[in-house]
Structure formats: C-alpha cells, structure tokens
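So the structure is just underneath, and the comments pick up after that.
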Amino acid sequence: MRRLTWHDQTLNTAIHWQCSDRQLEELARLLAGLGIRQADICLDGWRRYCPDLKGVQKYLHLRGRTSLAEPELGLAEQLGMKGVALVCNAARQDRFNLLLASAMRDADRRCLQSSLQLEDIAVLSAPELAAIAEQVNGYDVASIIYDDRKAKGDPLSAFEQLVIIIRKVNCPVEVCLGNAFGLATANSLAAVKAGITHITTAVAGIGGYAPWEEAVFAVKQLLGFDYELPQDMAGICQQAAAVLELSVPESKAIIGQSIFAHESGLHVDGVIKSPELYEPFSPELVGLKRQLIIGKHSGSIAIKTKFSAWGIGLEDVECKHLLDRVRTLAVKKKAAITDTELLQLYRSSLKEQNYART
C-alpha cells in the first residue's frame with residue numbers, strides 16, 4: 001500500500017497573517033500531532049515578516065517556495081531548509097530552460113533538493129503536458145508539483161492530466177490544489193487515484209487549500225488506505241484553528257462539533273437503534289461524541305436517553321411531564337435547552353410532585 005505525504009500550508013498562512021513566533025511553534029506542534037511532517041514556506045513572505053523558525057523546525061521539515069525567475073536559494077540555505085520549490089507559470093515557457101538550468105546549478109551547489117512547481121498547469125492540453133515533461137526530464141529535479149491553486153481543474157480533468165504527467169516524467173509528482181469552487185478534496189482524491197502520494201493541504205482548508213481532515217479521512221474511508229488517524233483529530237484541528245484566532249464552523253465536515261448532533265424525536269430514536277443509518281462513520285473515529293440536542297422537536301426517547309447517561313431512570317409519566325416543560329421553554333427561548341436547564345427543570349418537576357403528594 002502506498003504511503004501518503006501531506007505538505008502543509010497552514011503554517012505558511014500563519015506567517016502571512018503575522019502570527020507570533022510562539023503561535024507558529026504551537027501550530028507546528030499541533031500539526032506534528034496530526035502526523036504532518038512537511039510544510040512549505042513562501043520565502044518572499046518570510047522575508048517580509050522575518051519570524052524565527054527555530055521552534056517550528058523542532059516539529060516540521062520546511063521547504064522554501066520561491067520564484068524560478070528570481071530564486072532566493074541563499075535564504076533557504078540560511079534558514080536551514082533542505083529543499084526548495086521553484087515556482088513558474090506552466091503556460092509561459094520563455095527562458096524556461098535557461099532559468100531552470102541556472103537555478104538547478106545554484107541549488108546543487110548549496111545542497112538543496114529542488115522541486116519544480118508549475119502554476120496554471122490545469123489549463124494545458126495533453127501535447128503541452130508532454131512537451132513540458134520532456135523539458136523537465138533533462139534536469140535532476142526532486143519532484144514536479146502540479147499547481148492548481150486557482151482551482152481551474154475538476155476531478156476528471158485532473159485525473160487525466162496527472163496520469164499523463166506521471167507516465168511522462170522521470171521524477172515523483174505532487175499536487176497543490178485550490179478550493180475556490182469546493183473541489184479541492186475531490187481533486188485530491190482524483191490525484192491519489194492517479195498515483196500521487198504527495199498532497200498539499202491545510203487544516204480546515206485555511207488559506208484556500210484542500211482541507212487536510214477531509215482529504216485524509218476520504219482516502220482512508222473511500223479509497224481504503226491503511227492510515228492511522230490521530231485519537232483526538234477533531235480537537236487538534238480545532239486547536240490549530242484557535243492558534244490562528246479562528247473557530248471551526250460547527251457544521252464543518254469531519255471535525256465540526258455539531259455534525260453528530262440530533263434533536264428530532266424520530267431521528268434520535270433511529271440513531272440510538274441503528275447509528276449507521278444516520279451517521280456516515282462513528283464519531284469516536286475522529287474524537288467527537290454523539291450529541292442529543294433537547295429542544296422543541298425532542299421526544300421521550302431523547303429525554304430518557306439523556307437522563308440514563310446521567311444515571312437517572314425516568315418513568316413514562318415523569319418523562320411526559322418533563323417533556324412538556326422542555327418544549328415550553330424551548331419555544332420561549334427560541335433555542336435548544338442546555339443540560340443545566342434540563343436538570344433544573346427536572347429538579348423543579350420533582351419538587352412539584354413531592355409537594356403534590358403532601
């Protein structure tokens with residue numbers, strides 16, 4: 001089974017957002033906790049803000065991204081990087097051979113592994129892809145990076161193009177995909193199906209890249225890769241977003257806190273009896289828990305299940321009385337009932353029943 005390597009862009013986005021050195025180190029630690037070991041850094045962006053990367057490099061291997069026209073290879077060497085990605089536009093081939101030959105000589109002198117990142121490659125035809133491959137094969141590049149950050153491709157065309165490139169070039173191929181039209185995860189899956197093993201992602205899709213959690217979970221669940229997920233995957237992703245002072249939407253696929261929340265009485269009854277009919281995977285798989293939301297749509301099953309988890313068994317009469325109060329409060333609040341409010345209603349109901357008996 002092929003092993004996949006994830007190249008992170010969350011850290012690069014954090015640098016562009018001028019996060020502190022402490023934030024960058026904490027973000028790198030969290031990324032390592034997710035099993036991510038590689039991150040690409042735009043050297044031009046680093047030069048603009050000059051953060052200290054020593055703390056980051058305790059957790060991640062960094063690769064510098066720089067323009068082929070004006071490569072900052074000396075800066076990559078100074079920062080202790082072992083590799084660079086030389087970025088050029090695939091549709092503009094003027095002076096390509098001259099620039100690449102010069103950059104490769106300089107990189108070799110500095111003992112830097114050089115990858116070639118081809119922007120706008122998604123718009124090229126099969127003959128144009130073959131022509132580029134022929135040129136690239138004349139150099140000892142570490143990899144070719146299929147760069148579609150402008151999201152001009154779709155899963156079918158990406159698959160076809162990547163198959164051509166993989167067959168034509170003598171080096172590994174990576175992908176770097178934008179998510180402007182919400183297709184980055186699908187395009188990443190197409191890339192893996194085509195034979196790609198190196199994929200650029202960002203936690204929660206931060207910065208407009210393929211969301212790491214969606215891509216990694218999809219290759220495991222849909223493509224059958226034997227990939228061990230972090231135990232608290234959702235929690236770590238949420239912490240990474242918090243470092244950037246962002247919050248993960250509650251409905252975010254894979255890691256959103258509310259994606260396993262159920263309120264409707266019929267729905268709750270069904271999910272308790274047969275979770276697989278309502279949930280695509282077990283919440284524990286990504287470190288989440290099933291939530292029973294108590295509100296105006298709740299039924300007696302939800303109430304009983306909720307109290308059973310607290311070690312309290314409700315009789316049918318008690319449950320019916322409590323459910324009436326729950327619905328009244330939920331309508332008044334125009335929102336769901338919190339656990340604290342639910343327990344308060346229960347205690348209040350008990351007091352009334354005891355008073356009625358006396």
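Worth a mention:
- Matching entry among Ile259, Ile303, Ile272 (being in contact with a strand residue (DSSP E or B) (Cβ under 9 Å, 6 or more places away or on another chain) and buried (at least 18 other Cβ atoms within 10 Å of the Cβ)): Ile303
- Evaluated against (1) among the aliphatic types (A, V, I, L, M); (2) open to solvent by 50 Å² or more (accessible area, probe 1.4 Å); (3) under 27 Å from Trp17 (Cβ atoms), Ala234 falls short on exactly one condition, (2).
- Hits in segment 29-43 (condition: in contact with a Phe, Trp or Tyr (Cβ under 6 Å, 6 or more places away or on another chain) and either under 25 Å from Val192 (Cα atoms) or among the β-branched types (Val, Ile, Thr) (or both)): Ala32, Ile36
- Which listed residue is basic (Lys, Arg) and not in a loop (DSSP other than H, G, I, E, B), from Lys220, Lys252: Lys220
- Residue match in segment 217-229 (condition: of a type in the set (D, E, K, R), closer than 28 Å to Ile15 by Cβ and out of contact with any Phe, Trp or Tyr (no Cβ under 9 Å at 6 or more places or on another chain)): no
- Condition check for Val216: among the β-branched types (Val, Ile, Thr), open to solvent by less than 50 Å² (accessible area, probe 1.4 Å), free of Cβ contacts under 8 Å to residues at least 60 places away in the same chain and farther than 23 Å from Ser115 by Cα: no
- For segment 232-246, the condition of being part of a helix (DSSP H, G or I), of a type in the set (Gly, Ala, Ser), at pLDDT 95 or above and closer than 17 Å to Ser282 by Cα holds for at least one residue.
- Residue within segment 1-22 that is crowded, with 16+ Cβ neighbours inside 10 Å, part of a loop (DSSP other than H, G, I, E, B) and among the polar types (S, T, N, Q) present: yes
- Segment 279-332 - residue that is among the hydroxyl-bearing types (Ser, Thr, Tyr) and either under 35 Å from the mean Cα position of the chain (by Cα) or part of a loop (DSSP other than H, G, I, E, B) (or both) and, of those, farthest from Glu250 (Cα to Cα): Thr305
- Only one of Arg290, Arg325 that is surrounded by 15 or more Cβ atoms within 10 Å (Cβ to Cβ) and within 25 Å of Ala234 (Cα to Cα): Arg290
- Any hit, segment 333-341, residues being modelled with pLDDT of 80 or more, in a loop (DSSP other than H, G, I, E, B), within 30 Å of Leu30 (Cβ to Cβ) and small (Gly, Ala, Ser): no
- Wholly enclosed helices (runs of 4 or more DSSP H) of segment 87-206 bearing at least 1 residues open to solvent by less than 10 Å² (accessible area, probe 1.4 Å), in contact (Cβ under 8 Å) with a residue 60 or more places away in the chain and in contact with a strand residue (DSSP E or B) (Cβ under 9 Å, 6 or more places away or on another chain): 184-194
- Val56 vs. criteria of a type in the set (Val, Ile, Thr), out of contact with any Phe, Trp or Tyr (no Cβ under 8 Å at 6 or more places or on another chain) and over 22 Å from Ala242 (Cα atoms): no
- If the condition is being open to solvent by 30 Å² or more (accessible area, probe 1.4 Å) and among the small types (Gly, Ala, Ser), then segment 23-54 contributes Gly33, Gly35.
- Residue list for segment 68-122, filter: under 24 Å from Val163 (Cβ atoms), modelled with pLDDT of 95 or more and among the small types (Gly, Ala, Ser): Ala85, Ser115
The values are calculated or read from the model by the stated rules, or taken from the named source; none is laboratory data. Computed from a predicted model, the values in this text were never measured in an experiment. With ideal geometry, Cβ positions are generated from the backbone for all residues, glycine too; neighbour counts draw on all protein chains shown. With ligands, DNA and RNA removed, areas are computed over all heavy atoms of the protein, side chains included. Shrake-Rupley method; radii C 1.70, N 1.55, O 1.52, S 1.80 Å.
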